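The values are calculated or read from the model by the stated rules, or taken from the named source; none is laboratory data. Keep in mind that what you see is a predicted model, and the values were worked out from it rather than measured. Glycine gets a Cβ as well: all are built from the backbone with ideal geometry, and neighbour counts include every protein chain shown. Keep in mind that these areas ignore ligands, DNA and RNA; they rest on the heavy atoms of the full protein, side chains included. Shrake-Rupley method; radii C 1.70, N 1.55, O 1.52, S 1.80 Å.
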Amino acid sequence: MALVKVNNPEKNKVELEINVDKETFQKAVDTVYRKQAKKINVPGFRKGKAPKHIIESMYGKDIFYNDAISECYPEAYFAAVKEADINPVDYPSVTVDEVSEDGFTFKAAVFVRPEVKVSDYKGIEAEKQIEKVTDEELEGELKRMADRNARIVTVEGRAAEDGDIATIDFEGFLDGTPFEGGKAENFELTLGSGQFIPGFEEQVIGHNPGEEFDITVTFPEDYQAEELKGKETVFKIKLHELKKRELPTIDDEFVKDVSEFDTLDELKKDISDRLQQSKDKRAQESLENALIDKVIEKMEADIPECMFSNRVDEMVRDFEQRLQAQGLNLQTYLQYTGMELDSFKKTFREQAEKQVKIRLALDEIAKVEKLEATEEDFDREYKKLADAYNMEVDKIKEMLPADELKGDILANKAIDLVKDSAKVTEKTK
């Protein structure tokens, strides 16, 4: 292989002219012949036993050329990329100019990583919003704990009230005729939950267990069943039983039942500490995002469109893999949501652009600052990934080579550099 010429037809695009010599090309032809000969019938020879020159005389000397080009092109291309010292960010567009038994010449045009400049990334001024846990938040968390531990008890001696769980039989009628899906027995309906169409639950309130009664409701105009849209219907109801959620008293005894603590004060402190940690984490993340946004504002780069579109494609593939883990596929998801693939991709565009810009900026900072990834850095990151995915470290190393992990380590170090040098003022909400 020989790199003949390097051209720059447009900004951030490089065209490599590459020659594959006769020896390399003929080795590829022989490899293709051995793979394909067994599929070719030649009179007078057993299938797969015809010599190469016989096949070439019958079908043309170039019968194996196209596949031979495909056989040796990748190695030639990547060797040329290394020799030209370029960093492609997309798949190349390839054209073969000349091909003969003496080899071939081809051109590979590819977009490359743009030149990036980031200025004034040290000493960025930013504000960190500090938020303290309020009494209302603490009481709300205690209430949710009590709600999760509520008992369901039967209600006797009164009519249905908002919040009760009513056990009912119901059957719906449209113009005096039962309609499909409008009937159920011993259905538990929480009154006031909004589970049924407007007006249904409100008309159960006030009735007593054992009563049978009719209610009249009108289905919404946007209801999914076409025959019921906007139609007035009658439901025959039988109310069997009423239940309610009985909340426990929030005291020391409750605390002992639902936690590892002995007193309410101890539980409150634990809840408050956890809520504060969560708020502090969000504040730190918000600060880092603000700093990164300012770094991007200070970046100069003419970014090829393919970098954005490729990142969008990667995000769509990641989304599809998550769907597959849930037993779905992207096509089904798009049908459910009524979206076309192109419009679905557009939902990732803004995030993809930001991610590409962030990585370019951080990589440039790491380069300028001569940041390095140490063995300790690699060990720490591999362990973090192994813990996150509950896998052996060696398995993670097989799946993620050090060269691929290095970029993430340096990017994180660049973020730390920006953060550590920032002029941060704290403001308490």
Residue under question is THR24, and the condition is that it be surrounded by fewer than 17 Cβ atoms within 10 Å (Cβ to Cβ) and touching a helix residue (DSSP H, G or I) at 6+ places or on another chain (Cβ under 7 Å); does it hold? no
Among helices (runs of 4 or more DSSP H) entirely inside the stretch 289-370, those with 3 or more residues being modelled with pLDDT under 95 and among the hydroxyl-bearing types (Ser, Thr, Tyr) are 330-337
Name every residue in the stretch 123-148 that is part of a strand (DSSP E or B) and either touching a helix residue (DSSP H, G or I) at 6+ places or on another chain (Cβ under 7 Å) or over 22 Å from GLU426 (Cα atoms) (or both), in order of residue number. ALA126, LYS128, GLN129, ILE130
Against the condition open to solvent by 60 Å² or more (accessible area, probe 1.4 Å) and in a loop (DSSP other than H, G, I, E, B), how does ASP120 come out, does it pass? yes
Filter result (in contact (Cβ under 8 Å) with a residue 40 or more places away in the chain and either on the phi < 0 side of the Ramachandran plot or within 29 Å of the chain's Cα centre (by Cα) (or both)) within the stretch 100-112: GLU101, ASP102, PHE104, THR105, PHE106, LYS107, ALA108, ALA109, VAL110, PHE111, VAL112
Residue by residue through the stretch 377-407, note down the ones that are of a type in the set (Asp, Glu) and surrounded by 15 or more Cβ atoms within 10 Å (Cβ to Cβ). ASP377, GLU381
Identify, by number, the condition in (1) surrounded by fewer than 16 Cβ atoms within 10 Å (Cβ to Cβ); (2) among the charged types (D, E, K, R); (3) touching a residue at least 60 places away in the same chain (Cβ under 8 Å) that GLU288 doesn't meet. (1)
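Could you look through the stretch 347-376, keep only residues that are surrounded by 12 or more Cβ atoms within 10 Å (Cβ to Cβ) and of a type in the set (Lys, Arg), and pick out the one that is farthest from ARG113 (Cα to Cα)? Give the derivation first.
Looking only at the stretch 347-376, we keep the residues that are surrounded by 12 or more Cβ atoms within 10 Å (Cβ to Cβ), and these are 347-349, 351-369, 371, 373.
Then drop every residue that is not of a type in the set (Lys, Arg), which leaves 349, 354, 357, 359, 367.
Values: ARG349: 19, LYS354: 16, LYS357: 12, ARG359: 11, LYS367: 14 Å.
So, considering only residues that are surrounded by 12 or more Cβ atoms within 10 Å (Cβ to Cβ) and of a type in the set (Lys, Arg), the one farthest from ARG113 (Cα to Cα) is ARG349.
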Failed item in (1) open to solvent by less than 40 Å² (accessible area, probe 1.4 Å); (2) among the aromatic types (Phe, Trp, Tyr); (3) in a loop (DSSP other than H, G, I, E, B), with PHE45 passing the rest: (1)
Can you find, within the stretch 165-184, the residue that is surrounded by the most Cβ atoms within 10 Å (Cβ to Cβ) among those that are modelled with pLDDT under 95 and among the charged types (D, E, K, R)? LYS183
Would the stretch 59-69 turn up any residue that is open to solvent by less than 50 Å² (accessible area, probe 1.4 Å), out of contact with any Cys (no Cβ under 9 Å at 6 or more places or on another chain), of a type outside the set (Phe, Trp, Tyr) and touching a residue at least 40 places away in the same chain (Cβ under 8 Å)? yes
Answer with yes or no whether GLU56 is open to solvent by 50 Å² or more (accessible area, probe 1.4 Å) and in a helix (DSSP H, G or I). no
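Which of the residues belonging to the stretch 152-164 are surrounded by 15 or more Cβ atoms within 10 Å (Cβ to Cβ) and either in contact with a helix residue (DSSP H, G or I) (Cβ under 8 Å, 6 or more places away or on another chain) or over 18 Å from ILE197 (Cα atoms) (or both)? Break it down stepwise before answering.
From the stretch 152-164, those surrounded by 15 or more Cβ atoms within 10 Å (Cβ to Cβ) are 155, 159-160, 164; that's our starting set.
Those that are surrounded by 15 or more Cβ atoms within 10 Å (Cβ to Cβ) and either in contact with a helix residue (DSSP H, G or I) (Cβ under 8 Å, 6 or more places away or on another chain) or over 18 Å from ILE197 (Cα atoms) (or both): VAL155, ALA159, ALA160.
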